[in-house]
Amino acid sequence: MVSTDPGMWIAAFLIFGFFTILIKDNIWFQICQMTIVGAGVAHALVWAIDRTKSYVIEPIQGSNPDYLLLVFSAVGLLSLFRLSKQYGWVGRYFTGFSMGIGLGLTAGTNINSMIKGQIVATLKGLSATNTFELFNAVVVLVSVVFIGIYFLFTIKPEALGGSVGWAQRLGRLLLMVTMGSSVPPYIAGCIGYTMAPLVMIVYDFLML
Amino acid sequence: MTEQLKNLLTFKRIIFVAFGICVFVPLVFPMGLPISVSDMTQEYFNYIESLPAGSKVLVLGEYDLGAAGNHMWFIDMWKHFRRNKLKVVALHTSTMVATAEKRLLDTMGFWNLQDYEYGVDWVYLGYVPGGETAMVSFHDDFQSIAVADYKGTPASELPLLQEFQDYRDFDLVIVSCWDYTIFARQWVTTPETPTICMVDTYVWSSAQPFYPETFEAMMNGMKGAAEYEILLEIPGRAISSSDALTLTMLVLFFTLLAAQVDEYMIRKKVVRKEVA
């Protein structure tokens, strides 16, 4: 039994069309590609209008209006100046403002979570009572130290004798092991992404 | 065999066909390959299972439309919420996934449930714009972001949304994400409000260092979703898809092995030639 939902038929048409690229580039694939880009932009635009209404227009029209929202909306609108050749530079104020906010939000928290947090997590394992966990923590710590040495590009191995060169080689080996171990989940993730439309075809379109 | 057919049957295309067969066949004819529940999924499940009825949960979504595991997890999670009578507020940072999730809730018939009432027991906010900036605001000033739900209903008309001021009013925060770094950076929670994370398989390895310091429990994409369905005792799409995932991984393993042997043989041939 095949689905009677017209939306599902369109979805199936697009999914099969996208998979035809595995044979070669063709008109079906190109139609699907353009359709999905157009539909994606249209969908995002509808959402943007809807959210502008919820987050800007309605709060200003309410009993306790927040006029500061108008200022920030005006900053956002500055980005449209990019469309003009003569006044395109005005759009840079918007870019600067956005980047400033982004940096402000991430700079401090990055130090806390990505550096301090990771150092604490690396060392905390050493307090484990379970032998296997303790061994694991030691391996992690040793790997961190040697990979760190590998990235000390400012020190030439010859300058400090053979020991640094040996440590850097071990660091490189550990780095490759780490990268290698992250490949299977990455590929499994890719397969998962490929499976999503096929699962949809089998269960929602073919209704098997 | 014609020349045209020969050109079509390249090694790459044969692999694609093999992958296609490995996905389609187990989906249509499930093989029932065994699935063992990992400690991490068990821990993740226990976090939700241990919450008493009426506990408040915040679900933050930040993943791609193609993340099959996260979509399967979404279905299972809502079944779990309903079964345990948890009060849930959910949102997403992607417009497309917000629509897809709404469709999943439609399919499950959640909007008109009598025993799990919308607005009182659960609220779906849909797409929340602003990315990381919005997440920071959501963390500290819930009311400024939760102004309306997916359908545009104002927050004042949804009783559940009146109960929250910031993240501390929630008993548990569940993150389902691709870019876990946003939450690792911005969602510094308290022991009273733990954060658990469903991470896409794509980034599973790189997210590991954040367990258990930042995320107190973690689950791994589609594999985790299948294990979750076993624990929940509600077989769903993740279990059905796990056979396909296992088979495709096997194909991948043998393809990689064949490529390594091929590379070794080529190098051996080159060395022999050089010696000669």
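The values are calculated or read from the model by the stated rules, or taken from the named source; none is laboratory data. All values derive from a computational prediction rather than experimental measurement. Positions of Cβ are backbone-derived with ideal geometry, glycine not excepted, and every protein chain shown enters the neighbour counts.
Annotations
- Which listed residue, of A:G62, A:G76, A:G100, A:G7, is within 14 Å of chain B (Cβ to nearest Cβ), surrounded by fewer than 11 Cβ atoms within 10 Å (Cβ to Cβ), closer than 28 Å to B:V147 by Cβ and of a type outside the set (D, E): A:G100
- Note on the stretch B:161-276: enclosed helices (runs of 4 or more DSSP H) holding 2 or more residues that are away from chain A (no Cβ under 11 Å) are B:221-232, B:237-275.
- A single member of B:A226, B:A184 is touching a helix residue (DSSP H, G or I) at 6+ places or on another chain (Cβ under 8 Å), surrounded by 24 or more Cβ atoms within 10 Å (Cβ to Cβ) and farther than 14 Å from B:N70 by Cα, and it is B:A184.
- Conditions (1) over 15 Å from the mean Cα position of the chain (by Cα); (2) assigned to a helix (DSSP H, G or I): number failed by B:D76: (1)
- Qualifying residue in the stretch B:35-51 (condition: out of contact with any strand residue (DSSP E or B) (no Cβ under 7 Å at 6 or more places or on another chain), surrounded by 14 or more Cβ atoms within 10 Å (Cβ to Cβ) and among the charged types (D, E, K, R)): no
- Filter result for B:L91 (under 22 Å from B:M198 (Cβ atoms), within 12 Å of another protein chain (Cβ to nearest Cβ) and crowded, with 22+ Cβ neighbours inside 10 Å): yes
- Residue among B:G61, B:G69, B:G32 that alone is buried (at least 21 other Cβ atoms within 10 Å of the Cβ) and at pLDDT below 85: B:G69
- Within this structure, A:L208 passes the test of being under 30 Å from B:G66 (Cβ atoms) and over 28 Å from the mean Cα position of the chain (by Cα).
A quick yes/no check of all residues on (1) in a helix (DSSP H, G or I); (2) of a type in the set (S, T, N, Q):
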{"site": "A:K85", "(1), (2)": "no, no"}
{"site": "A:M99", "(1), (2)": "yes, no"}
{"site": "A:L105", "(1), (2)": "yes, no"}
{"site": "A:I115", "(1), (2)": "yes, no"}
{"site": "A:I119", "(1), (2)": "yes, no"}
{"site": "A:K124", "(1), (2)": "yes, no"}
{"site": "A:T129", "(1), (2)": "no, yes"}
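- In the set B:V120, B:V173, only one residue is of a type in the set (A, V, I, L, M), in contact (Cβ under 8 Å) with a residue 24 or more places away in the chain and exposed (fewer than 14 other Cβ atoms within 10 Å of the Cβ); that residue is B:V120.
- When the stretch B:1-27 is limited to residues that are of a type in the set (D, E, K, R) and more than 11 Å from every other protein chain (Cβ to nearest Cβ), the one that is nearest to B:N220 (Cα to Cα) turns out to be B:K6.
- Evaluation of B:K102 against (1) within 13 Å of chain A (Cβ to nearest Cβ); (2) surrounded by fewer than 17 Cβ atoms within 10 Å (Cβ to Cβ) (one fails), failing number: (2)
- Residues of the stretch B:115-143 classified as assigned to a helix (DSSP H, G or I) and over 19 Å from A:W47 (Cβ atoms), total: 5
- Look at (1) away from chain B (no Cβ under 13 Å); (2) among the aromatic types (F, W, Y); (3) touching a residue at least 24 places away in the same chain (Cβ under 8 Å) and you find that A:Y93 fails only one, number (3).
- Here is the figure for the stretch B:188-201: residues that are surrounded by 24 or more Cβ atoms within 10 Å (Cβ to Cβ) and not β-branched (V, I, T) total 3.
- Matching residues, the stretch B:230-271, being closer than 30 Å to B:T193 by Cα and either in contact with a Lys or Arg (Cβ under 6 Å, 6 or more places away or on another chain) or surrounded by fewer than 24 Cβ atoms within 10 Å (Cβ to Cβ) (or both): B:I230, B:L231, B:L232, B:E233, B:I234, B:P235, B:G236
- Any hit, the stretch B:33-51, residues being facing chain A (nearest Cβ under 10 Å) and touching a residue at least 40 places away in the same chain (Cβ under 8 Å): no
- For the stretch B:123-139, the set of residues classified as away from every other protein chain (no Cβ under 12 Å) and more than 20 Å from the chain's Cα centre (by Cα) consists of B:F138 only.
- So B:P30, is it within 13 Å of another protein chain (Cβ to nearest Cβ), more than 18 Å from the chain's Cα centre (by Cα) and part of a loop (DSSP other than H, G, I, E, B): yes
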